[in-house]
Structures are given as structure tokens and as C-alpha cells.
Amino acid sequence: MIMKQKDIVKRLSVEQEVLEREVAEAMGEIASEDMAQLYDDSTKEFEPDKIVQGKVINVTNDVVVIDVGYKSEGEVSCSEFDTPPEIGEEVAVLLEAVEDESGTVVLSKKKADRIKGWEELIATKKEGDLVEGKVIRKIKGGLLLDVGVPVFLPASQIDIRRTGDISEYIGRNLQAQIIKIDQTRMNIVVSRRRLIEEERKKMKEKLLEELEEGQIRKGVVKNIADFGVFVDLGGIDGLLHITDMSWGRISHPSELVSIDDEIEIKILKLDRKKERIALGLKQKTESPWTDIEKKYPIQSKVTGRVVNVMNYGAFVKLEDGIEGLVHISEISWTKRINHPSDVVNIGDEVEVVVLDINKEKQEISLGMKQTEINPWSLVEEKYPVGTVIEGRVRNLTNYGAFIEIEEGIDGLLHISDMSWTKKISHPSEMLKKGDNIQAQVLEVDQERKRVALGMKQLHSDPWQDEILGKYKVDDTVSGKVTKLTNFGVFVELETDLEGLLHISELTDKKIKSPNEVVKVGDVVEVKILRVDEKERKIGLSLVKAQSDEEDAESGAEEEAQDSGAENTEATNEAEESSEAASESEEKE
């Protein structure tokens, strides 16, 4: 750095009087008044905030020293120059201050350049004109573009689409349109988007005239969404839907393309009025469904890979673009499957049988269980009618119990086939889940995959050889009240055998409920009214039993009375006979 004059005086330790004398000798005969005038003349043009011409007199690593004709030189940071200047080079600088505390002038080349650039730009450009410059940095809300002076390019005006990271534009040369000039604030706002839109409008009009359905065109991927890809065809965008990207399965368009990829696509549909274009990528090749019946005949066995698992089934890929559905009902003959993932997972290789093909809908129905023998086809052979099986109670319903005969093969034990004699309201009265029981096969319906079982058939029917002989109409029997209903009372005559005592047979009086006469646990004497072998019911009567009892008691009393009368008559007769004998003896 050039040593300042005051510093030089101090270092040389020259006394003020000596210095003034030497200066006077050097100035000769110039009067002090003239000297003052010369000084005023030399500084009158140096006013702050004006651009002045200067000459480079020295260049260091940090600063450039510039002589602008003032009593002292000024310094400008090297960073304000694009390239270091040469000594002696003329430069324009802004005089910011005539003299600062250190005795130098304050200069700025950068500000001078900006003022000159601004004045030149204002003189040559207006709103709507095009400018070109380099992006120098990112600021709040957008970018600074250097077009001679820094101008503001808002983020929303950079492109026609939302830009992710605008800092990617730093260092790039961009062309833009002036949309606002504020001379008071020396501020200019530009738009690259408006320029692109105008260019695209012209290109779009031309392109729409050229496009035809079926054409193969090149385009650039501009945006990717879950449902597809927007492709710039050179002035207008077309939509490449995800379903038109590949004959095979893809989860997201990004699996096939990326932003700014150049791709070749086919024009599928064109609506010039609405300016909508549907594009296709897979349509460039022949559909794999063309000869589907020849490649995969019905009932043919093939191998595929599980590509998706839903609650209703599993999708199996046979080749690119060809997938079939194995419905949950077609996975296993016997296993109870709550979800296909219980058996298969994505990525598994499985063997399947082609069940059906719908070429129009591009659907194939597949089956996994058909690759194995149907165990139901062997049930009739393994378990003929009359076979006694052992099984586990798997489930109880209102109408019966499901008995697992073997894995995947259940039989139904209906509630009516649990007991010959017991009235069962629910299977839980006889069985519980998990019980191991014996039952007899009653029927096998192979087509409907049903096996009917019976427990009572393991024993002879007591109605055939015991009950009819033991219980006769008009017999009086004893039993215990087991259940009360609104229509009557069930009376247990013996284990698992009940008779019905209808409410009308409880008493000859009018009652609302059976519990007015009897309660559960009471032992009653009842008379058998009927024995219905077909319906397997025994009708009882408490009224008739009590009536018969009363009749019996009344008859006994009458018999006793009759017997007493007869005894009196006999006594009288005997007395009379005795008297007669005495009289006869006396006569003799």
C-alpha cells in the first residue's frame, strides 16, 4: 500500500518550520493567496456521488490505487474488478466521499459501473423488452440476474412450472423480459416465465397443426405425478398415464422415467379444441395379450411370481404385461385362509393352473389348489356312509356343531342328530369347542363339499324298542319339572326323556303362567295323554292325574260304605237265624 503523506513526514521526523521553508522555496514567488486559489480550483470539481475518471497508479493483492486528480489517491478493492487492471489504465469510479478521516478519497468502481449500467439500460430498454444476463446469486423470493445492473427475477417467474431448488440456476445465462422498471428505487423486475410462455404459445399453435393420432414423437419429461407423466412435445404438454407406460405392473412412473429424460412416445388421442393430448409408451410394442390363448391354454399348468397380495387374492406375474389373479377361494382345497398372505408373499414363485381368460378385459383367472388332488374327491371313498369317525369340535352354531374329520374336511353334526330323546336348544348343552367326539357318517355330498354326521346314530333308537313299550296312554307316571315355558312345562320322565305338560293340562282353573301351579324341581304325578312315535313326543296331564286320584279316593269310600252295609245285613241275618234255631229247639 502507498504510504500516506502524513506518515512519511512522521517517519522522516522533519520539523514543521523546516518543511514550510522548503515548500516555500519550491513554490518560488507564488503568493499564499494564489496558492489558496490554485487549491480551490483543483478541488472544486470533486463533489461526492459523482462519477470521475481516474488512472491506476498501483495494484496490490488487495487494492487498486487510483489517482483521480485530487490531492490524495483513492483505493478500490480488487474484488470490484472482474480482472486486475493494468497500471496506467483509465477507469471510471464513483467518488463517494472527498476525504475521509485518513485523508484519502473514498472511491467505488462497482457503484460507478452500476450507475453507468442503469443509465445505459434506461436509455435503451423499456418494459416488455428482452434482456440477457448471468444469475449471480439467490436472494429472498428469487434470483439476481446481472444484465449490466442487477435485476430481480422472482422465483415464480423463473419457469412455467414450479422450480424445486432455484439455486441450481446460479451461474447460468438466462434471457428474460422486463415487466417492471422503478426509476426512483433503481429497481427492475424481469420474467423468464412470460418469455417462455410466449415462445411456447407460438410453438404450440404450430405443433397442434402437425400432430396426428398414431404418430411417434419425441418429448422431454417435465413433471412426474403418481398418476402419470407430463411430457413436453415442444410447445405443448401431453399426459402419459401410468397405465399406458408399460404392459407390465409399475407402482410409480418414476420407475421408468426421470425429469428431463427425452423419450419417444405415441400419440393416442388428440383434442385440439381442449388442447389435450394422451400419450402412450407401451403402445409402441405389440400387446402381450394378442395370442394369450395360445400361450396359456385353459387348464395348462404354469409357473409365475407373486407381485401383489390383496385381501381377496394374489396377483401372479406370468410374463411382462401378463398377470393373473389367484382368488382366495382358489388357493387351497382344505385350508381355512383368512388372508392370502397366510400362504403366499410378494416375490414367491408359485405353480398355478389357468382357469379362465377374458381377453377383452385382459384378465386371467388362476388357481393354486388345482395343482393338487382335491381331497374332497376322496372323502366319499375314505368315509362311506355308516363310518364311525373321531373328530374335534371346531365350532358351534345355533343349528349344530362343525366337527373336523381331518385338516380342511369338516362334517356338520346337526342339533337334531345329537340325541334321540333329549330336547336340545343349543349344541353347547351337549358339546363344547375342542371336545373330541365320535360320530357316524350319515351323508356325503361331494359336489357341495358337505358331510353330515350323527351322534345319536351310534346307539339304537329307544323309541323303537323301549319307550313305546314302557309308556302307554292313560298310564300314570312320576317325573320332575325341568323347564317352564309360556305354553307349558317339560317333565323329565327318565334320563334324556321328557314329556310336555301343556298349560291347559296343569289345572282346570284359568292361569297366566305355569309357575302359578308348579316350579322347576317339583316332582309331579302325571297321566300320559298320547305317545307320538312320529313326532317323538309324549303328552302329559296333571289335571287328569289328579282327577283320577280323586275318583279313586271316592270309589274307595263308596266301597267301604257298601262293605259296612253288607256286614250289618249279615249280622242281622245271623241273629235272625240264631233266634229261629232257639225257637225250634224249644219246640222240640
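To the nearest 10, the accessible area of Lys284 is 90 Å² with a 1.4 Å probe. Compared with the direct C-alpha span, the chain from Asp271 to Lys218 gains 17.2 nm at full extension, assuming 0.36 nm per residue. With every protein chain in place and a 1.4 angstrom probe, the accessible-area ranking of Met203, Met368, largest first, reads Met203, Met368.
Counting only protein heavy atoms and a 1.4 Å probe, tell me what percentage of segment 211-280's accessible area is made up of carbon and sulfur.
After summing per-atom areas, the C and S share lands at 45 percent.
Annotation note: trypsin sites (Lys or Arg not before Pro) in segment 74-145 located in DSSP loop regions with a Cβ neighbour count of at most 10 within 10 Å are Lys126, Lys140. Determine the shape class of segment 468-541: with a ≥ b ≥ c the square roots of the Cα gyration tensor eigenvalues, call it rounded for a/c under 1.5, and otherwise prolate if a/b is greater than b/c, oblate otherwise. Taking the square roots of the gyration eigenvalues as a ≥ b ≥ c, segment 468-541 is prolate. The loop-placed GluC sites (Glu not before Pro) in segment 150-219, going by DSSP, that have at most 11 neighbouring Cβ atoms within 10 Å of their Cβ come out as Glu212, Glu213. Protein heavy-atom accessible surface, 1.4 Å probe, per residue over segment 291-363: 57 Å². Computed 3J(HN,Hα) for segment 388-397, one whole-Hz value per residue from the Karplus formula 6.51 cos²θ - 1.76 cosθ + 1.60 where θ = phi - 60°, is 8, 10, 10, x, 10, 5, 8, 7, 10, 10, glycine and proline marked x.
Put a dot 7 Å past the Cα of Glu443, heading toward its Cβ, do the same for Arg161, and the two dots end up 6.8 nm apart. Pairs spanning more than 18 Å between alpha-carbon atoms, out of Lys483/Lys544; Lys295/Lys317; Lys266/Lys361: Lys483/Lys544; Lys266/Lys361.
Rounded to the nearest 0.05, what FRET efficiency do Ile250 and Asn187 have when you use their Cβ-Cβ distance and R0 = 51 Å? Step by step, r from the Cβ atoms, then E = 0.55. Shown here is the pair-distance distribution of segment 291-363: with all Cα-Cα distances grouped in 5 Å bins from zero up to the longest one, the shares run 3, 16, 29, 26, 17, 7, 2, 0 percent. Rolling a 1.4 Å probe over the protein heavy atoms gives segment 125-197 an accessible area of 57 Å² per residue. Lys/Arg Cβ at +1, Asp/Glu Cβ at -1, dipole of segment 133-241 taken about the Cα centre: which of Met186, Leu233, Thr163 is farthest positive-ward? Farthest towards the positive pole: Met186. Carbon-plus-sulfur accessible fraction, segment 432-525 (probe radius 1.4 Å, protein heavy atoms only): 46%.
Using 0.36 nm times the number of residues separating Arg394 and Glu197, minus their current alpha carbon distance, what extension gain do you get?
Contour length minus Cα-Cα distance gives 63.7 nm.
Accessible surface of segment 77-176, 1.4 Å probe: 46 percent of it comes from carbon and sulfur atoms. For Arg172 and Gln53, FRET efficiency with R0 = 56 Å and r from the beta-carbon atoms, rounded to 0.05? Working from the Cβ atoms, E equals 0.95. With R₀ set to 45 Å, the beta-carbon distance separating Ile122 from Glu209 gives a calculated FRET efficiency near 0.65.
For a straight C-alpha distance cut-off of 18 angstrom, the lysines reachable from Lys71 (same-chain residues fewer than eight places away being disregarded) are Lys4, Lys6, Lys44, Lys50, Lys55.
Take the alpha carbon gyration tensor of segment 420-478, find the square roots of its eigenvalues, order them as a ≥ b ≥ c, and report rounded if a/c is under 1.5; if not, report prolate when a/b exceeds b/c, else oblate. Prolate, since a/c reaches 1.5 and a/b exceeds b/c. Do any of Lys134/Lys218; Lys109/Lys222; Lys134/Lys274; Lys222/Lys284; Lys110/Lys180; Lys134/Lys269 go past 32 Å between their Cα atoms, and which? Violating the 32 Å Cα-Cα cut-off are Lys109/Lys222; Lys134/Lys274; Lys134/Lys269.
Computed from label points 7 Å out along Cα-Cβ, the spacing between Ser425 and Asp291 is 7.1 nm. Note on segment 211-280: Rg/Rh from Cα positions, Kirkwood definition for Rh, rounded to two decimals, is 0.94. Considering only C-alpha atoms, what is the centroid distance from segment 166-226 to segment 55-73, in Å? Centre-to-centre distance over Cα atoms comes out at 46 Å. Answer rounded, prolate or oblate for segment 180-252, using the Cα gyration tensor with square roots of eigenvalues a ≥ b ≥ c: rounded when a/c is under 1.5, else prolate when a/b is larger than b/c, else oblate. Note, shape of segment 180-252 comes out oblate. The length gained by stretching the chain between Ser416 and Ile139 to full extension, at 0.36 nm per residue less their Cα-Cα distance, is 91.0 nm.
The values are calculated or read from the model by the stated rules, or taken from the named source; none is laboratory data. Computed from a predicted structure; not experimentally measured. Glycine also receives a Cβ, built like all others from the backbone with ideal geometry; neighbour counts cover every protein chain displayed. These accessible areas exclude ligands, DNA and RNA; they are computed on the full protein's heavy atoms, side chains included. Shrake-Rupley method; radii C 1.70, N 1.55, O 1.52, S 1.80 Å.
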